[in-house]
Amino acid sequence: MTHKSGFVSIIGKPNVGKSTLMNAIVGERLSIITPKAQTTRHRIRGIISDEDFQIVFSDTPGLLQSHYKLHEFMMSAVNESLEDADIVLFMTELTEKPESSDVIEILNNIDIPVIVVINKADLAKDDELLLAEEVWSNAIPKATVILVSALQGLNLGKLMQIILDLLPEAPAFFPKEELTDRTIRFIVAEIIREKIFMNYKKEIPYSTTVIVDSYKEDENIDRIHALIFVERETQKAIILGHQGRAIKKVGIEARQDIEEFIDKQVYLELTVKVSKDWRNKPEMLRRYGYL
Ligand SMILES: Nc1nc2c(ncn2[C@@H]2O[C@H](COP(=O)(O)OP(=O)(O)O)[C@@H](O)[C@H]2O)c(=O)[nH]1
Ligand SMILES: [Mg+2]
């Protein structure tokens, strides 16, 4: 029996549903999802294996212009993901039209198969679906174009079949039980970041980064201490909230999701610290796991 295996790089603008798609296919909440743009900062691999195949997805940060050193890091994560890709999965959504942009140019010239996934098909009205399929097929003639709803699971089986047909014959790269290349510590920090994105407004979530400072596994409970870094004192006060109520809510919501993810009881302690202008300082970015 032949074995197929390869890397699929998921790229696209912020908020089109890249992380939702990868989680839906892999069946685990590996990548955090929020209604806000630019939530995903790193490349995160999600792996799905069967007896005769292994697909390694790379979820990437959304394509954007760099305003911060952090953004440059995010774009290098996209490029790195494309370098080892066997297939590019370019994700877009119903409301996005192909513009004459760098990305379209790259997709038309790249020498690996391209799948254009038009997401959020559940929101379509009338003949929007057919029209969307047509404009993207015209913009990238060599691509296979498919409409899906990552949220509702619509057409994901069909998408899997398209990927499997394009996948090269190769042995598995990762142990078959592995779901991601990231550590539990990383995913825990990401879950906390997701709750920050859900609980605070405007610039606050973007000014934040999280690292797990210690992780102790006891028999019945994992004890986790995480640090939340913000850029300024005023942001720290907002994160804490009146009488610490805001941070408490973040802690409770994060703990519940971490418990669900690792299927074990968790004690979670959060500490907020100021790390002045960390988003623009290479040495700080390095310390927090970027670069
Ligand atoms: N209606 C609808 N919303 C979706 C779908 N897929 C993702 N979303 C929503 O779009 C937002 C961004 O999703 P996310 O996966 O974080 O996008 P990313 O930035 O491309 O990774 C979230 O609020 C998702 O719930 C979909 O198929 N239909
Ligand atoms: Mg994402």
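Is it true that some residue in the range 102-124 is within 13 Å of ligand 2 (Cβ to nearest atom) and buried (at least 16 other Cβ atoms within 10 Å of the Cβ)?
At the first step, the residues of the range 102-124 found to be within 13 Å of ligand 2 (Cβ to nearest atom) are 119.
Now drop any that are not buried (at least 16 other Cβ atoms within 10 Å of the Cβ), which leaves 119.
Yes; the residues of the range 102-124 include at least one that is within 13 Å of ligand 2 (Cβ to nearest atom) and buried (at least 16 other Cβ atoms within 10 Å of the Cβ).
Just to verify a result, which residue in the range 1-39, among those that are free of Cβ contacts under 8 Å to residues at least 60 places away in the same chain and touching a strand residue (DSSP E or B) at 6+ places or on another chain (Cβ under 6 Å), is farthest from ligand 2 (Cβ to nearest atom)?
Of everything passing the filter in the range 1-39, MET22 is farthest from ligand 2 (Cβ to nearest atom).
For the range 147-164, give me each residue that is part of a loop (DSSP other than H, G, I, E, B), surrounded by 16 or more Cβ atoms within 10 Å (Cβ to Cβ) and polar (S, T, N, Q).
ASN155
Kindly evaluate GLY6 against the criterion of being assigned to a strand (DSSP E or B) and not acidic (Asp, Glu).
yes
Just checking, which of LEU21, LEU30, LEU70 is at pLDDT below 85 and within 16 Å of ligand 1 (Cβ to nearest atom)?
When all the criteria are applied, what remains is LEU70.
PHE57 fails exactly one of the following numbered conditions: (1) buried (at least 20 other Cβ atoms within 10 Å of the Cβ); (2) away from ligand 1 (no atom under 16 Å from the Cβ); (3) aromatic (Phe, Trp, Tyr). What is the number of that condition?
(2)
List the number of the failed condition for THR95; all other conditions in (1) within 21 Å of GLY157 (Cα to Cα); (2) surrounded by fewer than 20 Cβ atoms within 10 Å (Cβ to Cβ) hold.
(1)
Can we say ILE228 is assigned to a strand (DSSP E or B), outside the structural domain of LYS36 (by TED's automatic domain parsing) and within 22 Å of the chain's Cα centre (by Cα)? Steps first, answer last, please.
Working: assigned to a strand (DSSP E or B): yes; outside the structural domain of LYS36 (by TED's automatic domain parsing): yes; within 22 Å of the chain's Cα centre (by Cα): yes.
Answer is yes for this residue.
The values are calculated or read from the model by the stated rules, or taken from the named source; none is laboratory data. Everything numeric here is computed off the predicted structure, so don't read it as measured data. All Cβ positions, even for glycine, are placed from backbone atoms using ideal geometry, and neighbour counts span all protein chains on display.
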